[in-house]
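Below: the structure, in structure tokens.
The values are calculated or read from the model by the stated rules, or taken from the named source; none is laboratory data. Model, not experiment: these values are computed from the prediction. All Cβ positions, glycine included, derive from the backbone under ideal geometry; neighbour counts span all protein chains shown. Side chains included, ligands, DNA and RNA excluded: accessible areas come from the protein's heavy atoms. Shrake-Rupley method; radii C 1.70, N 1.55, O 1.52, S 1.80 Å.
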Amino acid sequence: MSLTIWQYFAVVPDFRATGVREGKRAYDWPCIIRCINTVDVMIAEVPELDWALLKRITARITAEVPRICRVCYDLTPKPVGTVEWE
């Protein structure tokens, strides 16, 4: 599958989420994936990523990045949201 994405990145916000690691409650960090397509950055659309790709991204992040317990995909277009997370 070939995708054309203008920009994509991951954000780890300054709040934690509850998860489970090795059978114990974990108070770790969420990771938010942001993908957009745009021509002028005044309007941006969020591409529909394949479910298998999102599952693979989630599996890799939670397995390879320490202290990440949740992965979310930001579906907010611009406008309402902005491209960046601030």
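List every residue pair whose Cβ atoms lie under 7 Å apart, where the two residues are 6 or more positions apart in sequence or sit on different chains, the first residue falls within region 71-86 and is closer than 16 Å to residue 48 by Cβ, and the second residue, located anywhere, is surrounded by fewer than 13 Cβ atoms within 10 Å (Cβ to Cβ) and at pLDDT below 95. That search, which allows pairs on different chains as well, returns nothing. What single numbered condition from (1) of a type in the set (A, V, I, L, M); (2) outside any strand (DSSP E or B); (3) touching a residue at least 24 places away in the same chain (Cβ under 8 Å); (4) open to solvent by less than 80 Å² (accessible area, probe 1.4 Å) fails to hold for residue 59? All conditions pass for residue 59, except number (3).
Set side by side, the residues 29, 6, 51 differ, and just one is of a type outside the set (A, V, I, L, M) and exposed (fewer than 12 other Cβ atoms within 10 Å of the Cβ), which is 51. Residues in region 32-48 that are at pLDDT 95 or above and either open to solvent by less than 60 Å² (accessible area, probe 1.4 Å) or in contact with a Leu (Cβ under 7 Å, 6 or more places away or on another chain) (or both): 32, 33, 34, 35, 36, 37, 38, 44, 46, 47.
Can you find, within region 9-26, the residue that is farthest from residue 58 (Cα to Cα) among those that are open to solvent by 40 Å² or more (accessible area, probe 1.4 Å), modelled with pLDDT of 95 or more and of a type in the set (A, V, I, L, M)? By that ranking, first place goes to 12.
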